[in-house]
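S.K.: Have a look at the structure that comes next, please.
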Amino acid sequence: MINFAIAGCGRVAAVHAEAIRQAQGARLLAVCDINEECLYPFAQNYGAESAFTDFRAMINDPAIDVVNICTPNALHAEMAIQAMEKGKHVMIEKPMALSVSDADRIIETAKKHHVKAAVVHQNRFNEAVQTTRKALEEGKFGKMAYGTANIRWRRGQEYYEQDSWRGTTAMKDGVLMNQCIHTIDLLIWLMGPVKSVMGKTATRMVDIEMEDVGTALLEFQDGSIGVVEGTGAIYPADLGASLNLFGENGTVCIGGNAANQIEKWRFSTSFHEEESKMVSDQSNLPDSVYGEGHKTIVTDFIRAIQTDTAPYVSLQDGKAAIQVILAIYESSKTGKAVDLQDTKKNTLLSG
């Protein structure tokens with residue numbers, strides 16, 4: 001049995017707790033939060049044996065194997081490092097850190113202490129994404145032309161007023177880093193490493209310090225192009241998150257709430273029958289933007305621990321996503337493209 005602990009009992013923690021409860025070979029042993037009004041009901045609801053208000057006290061418990069970091073963004077890096085230094089494996093909610101240098105510190109700490117660590121990009125396990133990844137690996141697309149990530153959700157003022165940290169520069173809690181990061185991760189994972197980024201952000205519909213609209217033009221290392229369009233300013237409700245991939249021999253469009261539904265599947269001029277079957281054969285689609293990948297990513301993490309192999313979603317994957325988003329922020333500020341391969345000329349390493 002792998003004993004899990006959750007740090008932070010906010011919105012996403014419930015999804016983690018449910019995933020742990022459903023995963024075979026997992027048990028939620030402890031939870032931690034400085035807010036006792038949140039902590040104790042959460043512990044009781046999900047059957048945690050222990051509840052802590054002190055994170056350091058929790059990670060001193062030798063019975064805990066894994067710590068899931070579900071705290072506000074700016075706390076992820078230090079808490080993950082502290083847990084790993086105590087010999088704990090860690091699952092880190094996105095974003096794994098708020099600077100590339102902190103991401104590198106996490107990566108080095110995991111290596112030093114020989115622990116498993118993963119970033120929670122659960123949408124990689126979406127059936128639609130897995131099917132598309134398989135087609136890419138089989139070479140069905142041929143040479144890639146471009147891909148797009150479109151995130152069109154609603155996060156109004158009431159959303160940001162739930163917690164004092166939401167929308168602040170201290171947490172880098174803009175729509176790109178908080179909501180769009182999952183779909184940006186998918187675009188990078190499917191299209192390949194990013195060479196350069198040109199971005200623009202704006203704050204249009206809410207009173208926050210960060211952006212509620214972000215756009216970017218990406219150049220991938222193979223010469224293909226990526227387009228990112230993300231916003232929380234859709235009225236009156238979410239439209240969804242989509243991925244579109246265009247190659248010399250194929251086109252795939254994935255839509256749904258969180259890039260979880262194949263809508264177009266075209267690898268020949270007579271695509272209609274195959275596309276119809278692909279669309280109709282999809283499993284029941286989740287209503288939540290969180291999807292159903294958390295149980296799978298927890299199960300995969302248990303596998304990685306038990307077999308001493310790498311988790312499916314690596315720390316390097318998490319680093320790549322935040323590096324692109326930080327580059328969008330920098331490009332928007334300077335009006336210039338950011339070359340991700342030239343660390344001497346950009347300031348991303350210091351964040």
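S.K.: Quick check on this structure: which one of 205, 210 is in a loop (DSSP other than H, G, I, E, B), open to solvent by less than 50 Å² (accessible area, probe 1.4 Å) and not aromatic (Phe, Trp, Tyr)?
M.R.: Unique residue meeting the criteria: 210.
S.K.: Here is a list: 63, 83, 57. Which entry is open to solvent by 10 Å² or more (accessible area, probe 1.4 Å) and within 25 Å of residue 299 (Cβ to Cβ)?
M.R.: 63
S.K.: Same structure again: Does residue 195 satisfy the criteria of being open to solvent by 60 Å² or more (accessible area, probe 1.4 Å), among the basic types (Lys, Arg), in a strand (DSSP E or B) and touching a Leu at 6+ places or on another chain (Cβ under 7 Å)?
M.R.: Yes, satisfied.
S.K.: Moving on. List the pairs whose first member sits in region 267-283 and is closer than 22 Å to residue 125 by Cβ, whose second member is of a type in the set (A, V, I, L, M) and assigned to a helix (DSSP H, G or I), and whose Cβ atoms are under 8 Å apart, counting only residues at least 6 apart or on separate chains?
M.R.: As it stands, the answer is 282/128, since those pairs meet every condition given.
S.K.: Given the conditions (1) in contact (Cβ under 8 Å) with a residue 12 or more places away in the chain; (2) under 27 Å from residue 248 (Cα atoms); (3) open to solvent by 10 Å² or more (accessible area, probe 1.4 Å), report the number of the one that residue 151 does not fulfil.
M.R.: Here residue 151 meets the rest and fails (3).
S.K.: Considering only region 154-162, I want to know if a residue exists there that is farther than 20 Å from residue 314 by Cβ, modelled with pLDDT under 95 and in a loop (DSSP other than H, G, I, E, B).
M.R.: Yes.
S.K.: Also: What single numbered condition from (1) over 17 Å from the mean Cα position of the chain (by Cα); (2) within 12 Å of residue 315 (Cβ to Cβ); (3) in a strand (DSSP E or B) fails to hold for residue 147?
M.R.: Here residue 147 meets the rest and fails (2).
Per-residue answers, yes or no, for (1) under 13 Å from residue 6 (Cβ atoms); (2) modelled with pLDDT under 95; (3) assigned to a loop (DSSP other than H, G, I, E, B); (4) not aromatic (Phe, Trp, Tyr):
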| site | (1), (2), (3), (4) |
| --- | --- |
| 43 | yes, no, no, yes |
| 48 | yes, no, yes, yes |
| 71 | yes, no, yes, yes |
| 83 | yes, no, no, yes |
| 87 | no, no, yes, yes |
| 103 | no, no, no, yes |
| 106 | no, no, no, yes |
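S.K.: Suppose the filter is assigned to a loop (DSSP other than H, G, I, E, B) and either closer than 30 Å to residue 266 by Cα or open to solvent by less than 10 Å² (accessible area, probe 1.4 Å) (or both); does residue 222 pass it?
M.R.: It is true that residue 222 is assigned to a loop (DSSP other than H, G, I, E, B) and either closer than 30 Å to residue 266 by Cα or open to solvent by less than 10 Å² (accessible area, probe 1.4 Å) (or both).
The values are calculated or read from the model by the stated rules, or taken from the named source; none is laboratory data. No experiment lies behind these values; they were computed from the predicted model shown. FYI the Cβ positions are ideal-geometry reconstructions off the backbone, even for glycines, and counts take in every protein chain you see. These accessible areas exclude ligands, DNA and RNA; they are computed on the full protein's heavy atoms, side chains included. Shrake-Rupley method; radii C 1.70, N 1.55, O 1.52, S 1.80 Å.
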